[in-house]
Amino acid sequence: MARLEIDDVTKEYRSGESSVVAVQDIAVEVPDGDFLVLVGPSGCGKSTTLRMIAGLEEITEGEIRLGGRTINDVSAQERDIAMVFQSYALYPHKTVRSNMSFGLEESTELSDSAIAETVEETAAMMGIEDLLDRKPGELSGGQQQRVALGRAIVRDPDVFLMDEPLSNLDAKLRAEMRTELQHLQEQLDVTTVYVTHDQTEAMTMGDRIAVLDEGELQQVGTPLECYHEPNNLFVASFIGEPSMNFFDGTLENDALVTDYFEYPLSQESRRDLESGGDLVLGIRPEDARIGDAQQSDRRFEAEVLVVEPMGNENIIHLQFDGMAVDDEFVVTTEGVPNVSAGDRVGVEFPEPAIHLFDGAGGDAIKNRDLSFTGTPDAVLP
Ligand code: ADP
């Protein structure tokens, strides 16, 4: 077990005249036993970061430390790190037992019987003890993934590195394995870095998440910090499904004027803003309210395009008059849907729930009030 520190690390791939900066000045620490999820869209530098931690990729600038020791020049074999990949990477001709014991036989002085015991204990923990004599080809995807995890666990490493390990599984199994992995990580208490492009995995699994975009770290925080207090537009739009709604506007006197509505901003919200500045108003789908019977000057008329009843919630797609055909915003409500496509409804954006971003750089200016819990959706407009 060990604390992992990634200290201003940059990775530049050079080939001839051209160069790609895959990771730029990333700084993040993972305390001993913590679970960090690296999340971001494809190509943002997640795998490169993980591969540098593993020792599979050279570090161009900066330092990576494990348990206080700089490991930049330590070879992959000598780092006490176990990696789990999306592709499982099991040896097809070896049994589950030999797949799991192979690493230990190569890297430790343990006796055969001690290795056999460790493998059996781990297999029991992973629920694969009945599969030890099978070959990978005789296992389902979920079972193979358990073997790959088991193989990493038997090595009792300082750090687990996981690169999209669940993405080959079907949705139901993925959800099950998400919980199982999280539980396992807590039990084993091994420092873990987990890479995914899936914000649901990031939200549900990590103690903390590090959001990357174009090689740069956008935010490190608990899942709820990133959800409710995003640093910028990128984090706000990437975290959360359905995504936060955004409306471009300009501050004119005491209102945010957009193409579709004029949103009165209280003195408190306007405090640090300059008149005439470009702003983006953000609101999460669950915070907007449809059909609040109360009169409000933060309530605007919109047309319902589509209602998706999900059972636990309804995802309602709406448009303000004048929006482009492919533009829309989304409100979620609970219970049985009480609006249908074609209805004209009032939609309120309660001020404590709104976010304001700088229209030029995208930095957050005001995040939602965390004490605001909203009120239930009213019955109908
Ligand atoms: P992610 O894992 O987030 O999808 P990667 O870390 O694989 O992203 O890639 C980050 C960036 O680095 C991408 O622009 C990718 O094209 C580039 N890249 C990755 N590996 C190499 C390489 N070996 N040579 C050149 N560019 C690379």
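The values are calculated or read from the model by the stated rules, or taken from the named source; none is laboratory data. Nothing here was measured: the structure is a model prediction, and the numbers come from that model. Cβ sites come from the backbone with ideal geometry, for glycine too, and all protein chains shown count toward neighbours. Accessible surface areas use protein heavy atoms only, side chains included; no ligands, DNA or RNA. Shrake-Rupley method; radii C 1.70, N 1.55, O 1.52, S 1.80 Å.
Before moving on, here are some points about what is shown:
- FRET efficiency for Ser237 and Asp25, using Cβ-Cβ distance with R0 set to 22 Å, rounded to 0.05: 0.45
- Dipole-positive endmost among Leu265, Gly150, Val37 within the chain (Cβ charges, Cα centre): Gly150
- The stretch 268-326: GluC sites (Glu not before Pro) in DSSP coil with no more than 11 other Cβ atoms inside 10 Å: Glu274
- Placing a label point 7 Å from the Cα of Asp7 along the Cα-to-Cβ direction, the residues of the stretch 56-77 whose backbone N falls under 12 Å from that point are 62-72.
- Candidate aspartates and glutamates for bridging to Lys135, where Cα separation is under 18 Å - those fewer than 8 sequence places away on the same chain excluded: Glu120
- If R0 equals 51 Å, the separation of the Cβ atoms of Asp170 and Glu17 corresponds to a calculated FRET efficiency of about 0.70.
- Helix-only CD estimate at 222 nm, as mean residue ellipticity for the chain, using -39500 (n - 2.57) per DSSP H run (n ≥ 4): -7000 deg cm²/dmol
- For a paramagnetic label modelled on Glu334 (point 7 Å from Cα along Cα→Cβ), amide N atoms under 18 Å away belong, within the stretch 281-324, to 284-293, 309-316.
- Residues listed by number, the stretch 166-205, amide nitrogen under 15 Å from Glu313 label point at 7 Å toward C-beta: 199-201, 203-204
- Estimated inter-spin distance, Gln267 and Phe372, nm [label 7 Å along Cα→Cβ]: 1.9
- Entry comment: accessible area of the stretch 4-233 is 46 Å² per residue, from protein heavy atoms only and a probe of 1.4 Å.
- Against the chain, whose longest principal axis is taken from its Cα atoms, helix 112-125 shows a tilt of about 20°.
- The stretch 10-149 - percent relative contact order, Cα under 8 Å, separation 6 or more: 18
- Nearest-ten-degree value, helix 171-188 long axis tilted from longest Cα axis of the chain: 60
- Zero-based 5 Å bins, Cα pair distances in the stretch 244-324, whole percents: 3, 12, 21, 25, 18, 12, 6, 3, 1
- The Cα trace of the stretch 4-233 gives Rg and Dmax of 17.9, 56 Å, the first to one decimal, the second as a whole number.
- Eligible lysines near Lys366 by straight Cα distance, threshold 30 Å, same-chain separation 8 or greater: Lys46
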